Amino acid sequence: MSGFSFFDYRDDELNIEAVGLLQIAEQFGTPCYVYSRAAIAAAYQEFDAAFAGSDHLICYAVKANSNLAILNLLARFGSGFDIVSGGELQRVLKAGGDPQKIVFSGVGKNTNEIRQALAANILCFNVESKAELIVLNQLANKMNKIAPVSLRVNPNVDAKTHPYISTGLKENKFGISTDEAEAIYLCAKDFTNIRFTGLDCHIGSQLTEISPFVQASEKILGLLDRLETKGIEIEHLDLGGGLGIRYTDETPPSIKDYVSALCTSTAQHNKRLLIEPGRSLVGNAGLLLTKIEYLKQTPDKNFAVVDAAMNDLLRPALYDAHHEILPVVRNKHATKTYQIVGPICETGDFLGHNRELSLSDGDLLAVMSAGAYGMTMSSNYNTRPRAAEIMIDGDNIHLIRARESIEQLIAGEKVLPE
Ligand code: LLP
C-alpha cells in the first residue's frame, strides 16, 4: 500500500491513523470523505524541508481541497495559498491565511474578484492576458492601489499528462507566450498602477516526470535574463503546481527530488521561489468511504452498486482516472471481478472497473487517493446531498463538514407565482 502510509490494516480492518473505518461509517454514515491530518502535515513538511532554507513560499492550490479545516491547518504550518476565485479568497481569509502569502491565478478573474483581492492586499496577481492586465490596472487606479503582478507565461512545454489537465502548450487557453510577455514587461511604465514583481508558469497537473518542469523553468529563466538585461527587476519566480501522486502504479518523483530539481535549475538566479502544489499535498491524505447497496449479477458482469457516485467523485467519469478501491474489512474468500458503480443514471457513473474483490452486501469500500479534486469537484447531480468530511488526528475524530441536507440544497429555489 505504498503511498498510503497513514492508512493501514489492523486486524484486517482498514485504519486511518489510529481510527478504524467501521466506526467512522457507523458514526457519520456513508458516503463520506476521511482525511489524515498527519498525512497532510508530512507532505507539507517534506516540501518545506526540501527547500533547505532557501527563500521560498509554498502556495497550496486551494482548488484541490478547500475545506476550511485543511486551509487552517496549512496556514498554521506557514503555507501560502494559490486561489482562483473570490470564493477561494474568502475561504482562505476565513481560515486564517495571510493575505501576503496569497497568489491569485486564473484566466477569467472578474472585476468583483479583482477588487476583493486588491482590498485584501494579496501578494501577487498571476495575470494571464493583456486584457486582464488593463482591467487590473484600471481597478487598482480607482482604488488607489498598486497591484503586484506576475505574468503567467505559457512556456509551450508538453507536460505529458491527461490532455484535460495539461495547460502549458501554446494551443491551451492559459498564459501568455514568452515573446508577448517580454513585450508587456517592457511597457511596464504604461501601467501606472501595476508593479511587476514576478514571473509565473504552470504547465499541468499529475505530472509523473521531472523533465517538463525543468524545461518550463529554463524557458522562464531565459525570459528572466532578457528582462534583467533590459533593466526590469523581478523578485520571485512562481513555478506553479503539478507534481503527480501515486494512484496505482505511477512512479512520480518524490517531493524532495522535485523541489531539489527546481532549486537546482534556478539556483544561479537567486530569486525567491514560489510553488503551487495541490494534489501532492492532499491527494494521498484522503479516501472516500462508501457502502455497497446491492451486488448485482448480469449475464456479462458483476456489479457492486455503492452509495457514492460520480457526483461525489467525478475523476473516474471525467478523466477515466484510476483510484485503488480497498475493502474496509478484508477477508481471504474467493474474489470476483467487479464493476464498482454508483446509483446515478449514467453509464459513466463508475468508481472503478474490473476490480478483483471478495464482496458481500453492505460491505464498506475505501476509494483511495481521493483527498485532492474529490470533494471540491463534487456536485448535487440527481439531487444528492454532498458527503460529510471527517479529519482524523491520531485517535481524534473531527467532523469538518456536515453532510448536506436536502433542505440546504433547495433553499434558494422558488416556484413561480400562480
Ligand atoms: N496552479 C495552477 C495555476 C493550477 O491551475 C493548478 C491546478 C495548480 C496550481 C495545482 O496543481 P496540482 O499541484 O494539484 O497538480 N481536476 C483535475 C486537476 C485539475 C488541476 C487544475 N489546476 C484532477 O482531478 O486531476
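The values are calculated or read from the model by the stated rules, or taken from the named source; none is laboratory data. In this text the structure is predicted, and so the values were computed from the model without any measurement. Ideal geometry is used to build each Cβ from the backbone, glycine not excepted, and the neighbour counts take in all protein chains shown. Note: areas computed on protein heavy atoms with side chains; ligands, DNA, RNA excluded. Shrake-Rupley method; radii C 1.70, N 1.55, O 1.52, S 1.80 Å.
A few notes on this one:
- No other residue among 237, 295, 273 is in contact with a strand residue (DSSP E or B) (Cβ under 7 Å, 6 or more places away or on another chain), assigned to a strand (DSSP E or B) and more than 16 Å from the ligand (Cβ to nearest atom) apart from 295.
- Counting the residues of segment 89-126 that are in contact with a helix residue (DSSP H, G or I) (Cβ under 9 Å, 6 or more places away or on another chain), closer than 11 Å to residue 147 by Cα and not in a helix (DSSP H, G or I) gives 4.
- Qualifying residue in segment 74-81 (condition: surrounded by 15 or more Cβ atoms within 10 Å (Cβ to Cβ) and in a strand (DSSP E or B)): yes
- The number of residues in segment 326-341 being closer than 14 Å to residue 12 by Cβ and surrounded by 15 or more Cβ atoms within 10 Å (Cβ to Cβ) comes to 4.
- Criterion: over 19 Å from residue 234 (Cα atoms) and without any contact (Cβ under 8 Å) to a residue 40 or more places away in the chain - qualifying residue of 69, 120, 49, 61: 120
- Residues (open to solvent by 60 Å² or more (accessible area, probe 1.4 Å) and within 18 Å of residue 140 (Cβ to Cβ)) located in segment 91-107: 100
- Scanning segment 333-361 for residues that are among the aliphatic types (A, V, I, L, M) and under 27 Å from the mean Cα position of the chain (by Cα) yields a total of 4.
- Count of segment 126-164 residues which are farther than 23 Å from residue 195 by Cβ and in contact with a Phe, Trp or Tyr (Cβ under 7 Å, 6 or more places away or on another chain): 2
- Failed criterion for residue 41 (all others in (1) open to solvent by 30 Å² or more (accessible area, probe 1.4 Å); (2) of a type in the set (A, V, I, L, M, F, W, C); (3) outside the structural domain of residue 378 (by TED's automatic domain parsing) hold): (1)
- Selection of first residues in segment 306-325 that are farther than 22 Å from residue 294 by Cα and open to solvent by 40 Å² or more (accessible area, probe 1.4 Å) and of second residues that are of a type outside the set (Phe, Trp, Tyr) and part of a helix (DSSP H, G or I), restricted to Cβ pairs under 6 Å at least 6 apart or on distinct chains, gives an empty result.
- Residues in segment 330-366 that are touching a strand residue (DSSP E or B) at 6+ places or on another chain (Cβ under 9 Å) and among the aliphatic types (A, V, I, L, M) were compared, and the one that is farthest from the ligand (Cβ to nearest atom) is 359.
- Filtered residue count, segment 202-240, keeping only those that are more than 19 Å from residue 267 (Cα to Cα) and of a type in the set (Gly, Ala, Ser): 3
- The one condition in (1) free of Cβ contacts under 8 Å to residues at least 24 places away in the same chain; (2) within 11 Å of the ligand (Cβ to nearest atom) that residue 247 fails to fulfil: (1)
- Candidates 275, 292 - the one that is modelled with pLDDT of 95 or more and over 18 Å from the mean Cα position of the chain (by Cα): 292
- Residues of segment 313-329 satisfying the condition of being within 11 Å of the ligand (Cβ to nearest atom), outside any helix (DSSP H, G or I) and hydrophobic (A, V, I, L, M, F, W, C): 313, 314, 321
- Some residue of segment 24-32 being open to solvent by 20 Å² or more (accessible area, probe 1.4 Å), without any contact (Cβ under 8 Å) to a residue 40 or more places away in the chain, under 20 Å from residue 390 (Cα atoms) and in the same structural domain as residue 372 (by TED's automatic domain parsing): yes
- Taken over segment 108-120, the criterion of being within 16 Å of the ligand (Cβ to nearest atom) and surrounded by fewer than 21 Cβ atoms within 10 Å (Cβ to Cβ) is satisfied by 108, 113.
- Taking residues in segment 193-208 that are of a type in the set (Phe, Trp, Tyr) and in a strand (DSSP E or B), and partners anywhere that are modelled with pLDDT of 95 or more and within 16 Å of the ligand (Cβ to nearest atom), the pairs with Cβ atoms closer than 8 Å and at least 6 places apart or on different chains are 196/149; 196/150; 196/151.
- Enumeration of residues in segment 156-184 that are within 15 Å of residue 126 (Cα to Cα), within 16 Å of the ligand (Cβ to nearest atom) and open to solvent by less than 60 Å² (accessible area, probe 1.4 Å): 167, 168, 174, 175, 176, 181
- Residue among 89, 123 that alone is outside the structural domain of residue 172 (by TED's automatic domain parsing), out of contact with any Phe, Trp or Tyr (no Cβ under 7 Å at 6 or more places or on another chain), among the hydrophobic types (A, V, I, L, M, F, W, C) and within 16 Å of the ligand (Cβ to nearest atom): 89
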